[in-house]
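Data first, discussion second: the structure below is written as structure tokens.
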Amino acid sequence: MPVKGVGTYDPQNVFAKILRGEIPCRKQFEDDWALAFHDIAPQAPIHVLVIPKGAYISWADFSAKASEAEIAGFVRAVGQVARDLGLEAPGYRLLANVGEDSGQEVPHLHVHLFGGRVMGPMLVQR
Ligand code: AMP
């Protein structure tokens, strides 16, 4: 069920539980600002989710409320993860779903990082 990109943060969402260590993840990267882990249902040879450590629902919420340090830390973490995975030269795709129209399912901001193959058209045609 898609979620709204703004509103009240639900601390019981699955990524909040991963951040608290209540459920496991296949960790790729962690620093003071972000956690990155492999998607449980990968849609590319490499499919990693990068999430900020703060309680933000979506890009809409984060861009409006996060501090400069949180924003810088998160953006740098996304770039670091791509470098660590060796994806800078071949390239990669970033995607963030925001709110109902996007189909966002987990109400904690996450950037999908896809790599390991040619990505093809940006959106599925309909
Ligand atoms: P979105 O539709 O943008 O909200 O994407 C949510 C993503 O989270 C999907 O690609 C799911 O496969 C992924 N996901 C859900 N639960 C887990 C989990 N426990 N560990 C890793 N990835 C997850």
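Conditions tested, residue by residue: (1) under 28 Å from Asp101 (Cβ atoms); (2) part of a loop (DSSP other than H, G, I, E, B).
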residue	(1), (2)
Val3	yes, yes
Val6	yes, yes
Tyr9	yes, yes
Pro24	no, yes
Gln28	no, no
Leu35	yes, no
*Please identify the pairs in which a residue from region 70-91 that is at negative phi and aromatic (Phe, Trp, Tyr) has its Cβ atom under 7 Å from the Cβ atom of a residue that is surrounded by 18 or more Cβ atoms within 10 Å (Cβ to Cβ) and assigned to a loop (DSSP other than H, G, I, E, B), counting only partners at least 6 apart or on another chain.*
Phe74/Trp33
*For residues that are outside any helix (DSSP H, G or I), more than 11 Å from the ligand (Cβ to nearest atom) and out of contact with any helix residue (DSSP H, G or I) (no Cβ under 8 Å at 6 or more places or on another chain), tally how many sit in region 45-64.*
2
*Are any of the residues in region 21-35 touching a residue at least 60 places away in the same chain (Cβ under 8 Å) and more than 10 Å from the ligand (Cβ to nearest atom)?*
no
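To keep it simple, each residue is scored yes or no on (1) more than 16 Å from the chain's Cα centre (by Cα); (2) within 21 Å of Val14 (Cβ to Cβ); (3) of a type in the set (Val, Ile, Thr).
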residue	(1), (2), (3)
Ala66	no, yes, no
Ala77	no, yes, no
Val81	no, yes, yes
Gly86	yes, no, no
Leu113	no, yes, no
Met122	yes, no, no
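Every number here is computed from the coordinates shown, using simple stated rules; none is lab data. Because the structure is predicted, anything quoted here is derived from the model rather than measured. Heads up, the Cβs are rebuilt from the backbone with ideal geometry, glycines too, and the neighbour counts pull from every protein chain shown.
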